[in-house]
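Everything below concerns the one structure shown next.
The values are calculated or read from the model by the stated rules, or taken from the named source; none is laboratory data. Fair warning: this is a prediction, and the values are worked out from it, not measured in the lab. Every residue, glycine as well, gets a Cβ built from its backbone with ideal geometry; the counts of neighbours run over all protein chains shown.
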Amino acid sequence: MRRSYKKHSLLDPKRLGFGIFTLFIVFVAFKILTPPSMEVALIDSPDGSKTARLRKFYYVSQPSYKIYYRETDKLVWECLLYLPSYTNTPHATATESIEWAPDSENLFFKINGTSIWSHAFE
């Protein structure tokens with residue numbers, strides 16, 4: 001009994017087309033599932049050892065907030081706070097900011113100048 005095997009090229013048009021179609025579907029799904037976001041602030045600590053970032057996301061009509069930080073020598077951002085929505089202030093008039101303490105040990109999240117959250121680093 002004789003077996004004949006067909007060699008398949010990596011650049012086979014059917015496989016290449018299927019791969020491109022799959023990447024397109026993944027890209028569309030990523031765009032649909034990723035909410036619109038805006039970077040509000042990116043600040044370094046006074047001693048230069050850490051960086052903090054405030055981002056605003058729009059999952060629904062009210063914005064949600066995420067605060068990330070990383071140490072200067074690292075590449076990965078760590079999420080410190082996820083605030084789904086802040087309803088004490090109308091979102092159209094809210095001004096958000098983050099601020100470091102002078103000793104770089106505390107990070108404050110402020111809305112309209114009032115501190116609503118803080119994190120103490122060790």
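Results for (1) of a type in the set (A, V, I, L, M, F, W, C); (2) within 17 Å of Gly113 (Cα to Cα); (3) modelled with pLDDT under 90, shown as yes or no for each residue.
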position: Ile43; (1), (2), (3): yes, yes, no
position: Gln62; (1), (2), (3): no, no, yes
position: Lys66; (1), (2), (3): no, no, no
position: Tyr69; (1), (2), (3): no, no, no
position: Lys74; (1), (2), (3): no, no, no
position: Leu80; (1), (2), (3): yes, no, no
position: Ala92; (1), (2), (3): yes, yes, yes
Criterion (without any contact (Cβ under 8 Å) to a residue 60 or more places away in the chain, surrounded by 12 or more Cβ atoms within 10 Å (Cβ to Cβ), under 18 Å from the mean Cα position of the chain (by Cα) and part of a loop (DSSP other than H, G, I, E, B)) met by exactly one of Tyr69, Tyr59: Tyr59
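Out of curiosity, is Lys74 exposed (fewer than 15 other Cβ atoms within 10 Å of the Cβ), of a type in the set (D, E, K, R) and out of contact with any Pro (no Cβ under 9 Å at 6 or more places or on another chain)?
Values: exposed (fewer than 15 other Cβ atoms within 10 Å of the Cβ): yes; of a type in the set (D, E, K, R): yes; out of contact with any Pro (no Cβ under 9 Å at 6 or more places or on another chain): yes.
Answer is yes for this residue.
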Take the residues in the stretch 44-56 that are crowded, with 16+ Cβ neighbours inside 10 Å and out of contact with any Pro (no Cβ under 6 Å at 6 or more places or on another chain), then tell me which one is nearest to Leu33 (Cα to Cα). Arg55
Identify all residues within the stretch 79-104 that are in contact (Cβ under 8 Å) with a residue 24 or more places away in the chain and not in a loop (DSSP other than H, G, I, E, B); write none if there are none. Leu80, Leu81, Leu83, Glu96, Ser97, Ile98, Glu99, Trp100
Would the stretch 64-82 turn up any residue that is on the phi > 0 side of the Ramachandran plot and not charged (D, E, K, R)? no
Tell me which of these Ile111 doesn't satisfy, since it passes every other one: (1) more than 17 Å from the chain's Cα centre (by Cα); (2) within 15 Å of Ile43 (Cβ to Cβ); (3) of a type in the set (A, V, I, L, M, F, W, C); (4) surrounded by 15 or more Cβ atoms within 10 Å (Cβ to Cβ). (2)
Under 7 Å between Cβ atoms, at least 6 apart or on separate chains: pull out the pairs that start in the stretch 105-122 with a residue that is touching a residue at least 24 places away in the same chain (Cβ under 8 Å) and within 16 Å of Ile67 (Cα to Cα) and end on any residue that is assigned to a loop (DSSP other than H, G, I, E, B) and small (Gly, Ala, Ser). Ile111/Ala94
What single numbered condition from (1) under 26 Å from Phe121 (Cβ atoms); (2) in contact with a strand residue (DSSP E or B) (Cβ under 7 Å, 6 or more places away or on another chain) fails to hold for Asp47? (2)
Name the residues in the stretch 105-122 that are of a type in the set (S, T, N, Q) and assigned to a loop (DSSP other than H, G, I, E, B), would you? Asn112
Anything in the stretch 1-34 that is within 21 Å of the chain's Cα centre (by Cα) and either part of a helix (DSSP H, G or I) or surrounded by 10 or more Cβ atoms within 10 Å (Cβ to Cβ) (or both)? List them, or say none. Val26, Phe27, Val28, Ala29, Phe30, Lys31, Ile32, Leu33
